[in-house]
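To keep things clear, I will list the structure first and then write my remarks on it.
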Amino acid sequence: MSFKDAVKQDAYTAFLNADEFAETVTYTPYGGEARSIKAIIERGRLEPAAEDHGRMLANSVEIMIANHAEYGVVSVNKGNDTVALKKTLGDESDTVFFVADVISHDEGMWHLLLRE
């Protein structure tokens, strides 16, 4: 097994294990079918505000998902793909966010910025 293959396998078997770090979200690619995948979710992201106001909490979320055809996604359409997840832990229903940006990606994971 190559190093790149090992990174991919670790992404969905270790980091995206729902018993450890991940939660289930619903990812809907633009023009495609919604499906449940595992994601590491960082809620309440701090963002720069106006110059004189410092930083503020924004209605954005960061997620990490597998770069994998079965366990995640292999392509992302910024501005059009959506992700439904619990906005706050304990919420009864999901909130739909759109993929605002790809923060980074590699052989194993996508790191995405979501906005309401």
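The values are calculated or read from the model by the stated rules, or taken from the named source; none is laboratory data. Note that the structure is predicted; figures quoted are calculated from it, not measured. Virtual Cβ from ideal backbone geometry, glycine too; neighbours counted across all protein chains shown.
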Query raised in the report: If you go through the stretch 80-110, how many residues are out of contact with any strand residue (DSSP E or B) (no Cβ under 6 Å at 6 or more places or on another chain), under 18 Å from L16 (Cβ atoms) and among the small types (G, A, S)?
Result: 1
Report summary line: Selection over the stretch 1-42 where residues are at pLDDT below 75 and of a type in the set (S, T, Y) yields a count of 2
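Consider V76 carefully, then state whether it is of a type in the set (A, V, I, L, M, F, W, C), under 13 Å from T26 (Cβ atoms) and touching a strand residue (DSSP E or B) at 6+ places or on another chain (Cβ under 9 Å). Don't jump to the end; show me each part of the working.
On the way: of a type in the set (A, V, I, L, M, F, W, C): yes; under 13 Å from T26 (Cβ atoms): no; touching a strand residue (DSSP E or B) at 6+ places or on another chain (Cβ under 9 Å): yes.
No, not satisfied.
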Query raised in the report: Across the stretch 76-99, what is the total count of residues that are touching a Phe, Trp or Tyr at 6+ places or on another chain (Cβ under 6 Å) and closer than 10 Å to L114 by Cβ?
Result: 3
